[in-house]
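*Asks:* Here it is, the structure in full.
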Amino acid sequence: MPDAEDVRRVALSLPDSTEKVAWNMPTFRVAGKMFATLPEDETSMAVRCPKVERDELVLAEPGKFWIADHEAGFAWVRVRLSALEDEAELRDVLADSWRQAAPTELLDAYPELGLPADG
């Protein structure tokens, strides 16, 4: 089961990623735009997710994904770290969020980043 240190390590391994404390919690950014946070007791993370996809995720896997009340109006979803299968799933979730925040030049430089393997 991934933990907060795994989130930190994987998030910071993504190109041009940095960590900054904001709202008394660690946040992870690419080119200055936030793509993940470790809120409260660091047993979950918040990541960018288009609202339509977010709602589908929550309905499909409510034990893994949920929407915090104060984030309901934004394109963010919470992920329970204990519900993630392994570090590969953690990396997929973080890379997807990173792609939503990264500038075009980084997306162009890393077209394969976080894409699912064929098969």
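The values are calculated or read from the model by the stated rules, or taken from the named source; none is laboratory data. Just so it is clear, the structure is predicted and the values come from calculations on it, not from any experiment. Cβ sites come from the backbone with ideal geometry, for glycine too, and all protein chains shown count toward neighbours. These accessible areas exclude ligands, DNA and RNA; they are computed on the full protein's heavy atoms, side chains included. Shrake-Rupley method; radii C 1.70, N 1.55, O 1.52, S 1.80 Å.
*Asks:* Give, as a single signed number, the net charge of other residues whose beta carbon lies under 13 Å from the beta carbon of Asp96, with Lys and Arg counted +1 and Asp and Glu -1.
*Replies:* So the environment of Asp96 carries a net charge of +1.
*Asks:* Now a separate question. For the chain, what Kirkwood radius comes out of the mean inverse Cα-Cα distance, in Å?
*Replies:* On the way: mean 1/r = 0.0696 Å⁻¹.
About 14.4 Å for the chain.
*Asks:* May I ask for the net charge around Leu106, where only other residues with Cβ less than 10 Å from the Cβ of Leu106 are counted and Lys, Arg are +1 while Asp, Glu are -1?
*Replies:* -2
*Asks:* Given charges of +1 on the Cβ of Lys and Arg and -1 on the Cβ of Asp and Glu, with all other atoms neutral, how large is the dipole of the chain about its Cα centre, in debye to the nearest 20?
*Replies:* For this selection, approximately 440 debye.
*Asks:* When a/c reaches 1.5 or more, the comparison of a/b and b/c decides; with that in mind, is the range 13-59 rounded, prolate or oblate per its Cα gyration tensor?
*Replies:* It comes out oblate by the Cα gyration axes.
*Asks:* Probe of 1.4 angstrom, ligands and nucleic acids ignored: what's the accessible area per residue over the chain, in square angstrom?
*Replies:* I get 55 Å² per residue for the chain.
*Asks:* Which order do Lys20, Lys51, Lys64 take by accessible area at a 1.4 Å probe, largest first?
*Replies:* Details: Lys20 110, Lys51 90, Lys64 15 Å².
Ranking Lys20, Lys51, Lys64 by accessible area, largest first, yields Lys20, Lys51, Lys64.
*Asks:* At a 1.4 Å probe radius, carbon and sulfur cover how many percent of the accessible area of the chain?
*Replies:* Details: 3500 of 6570 Å².
Carbon plus sulfur share of accessible area: 53 percent.
*Asks:* Would you mind pulling out the separation of the Cα centroids of the range 50-116 and the range 1-41, in Å?
*Replies:* If you average the Cα positions of each part, the centres end up 13 Å apart.
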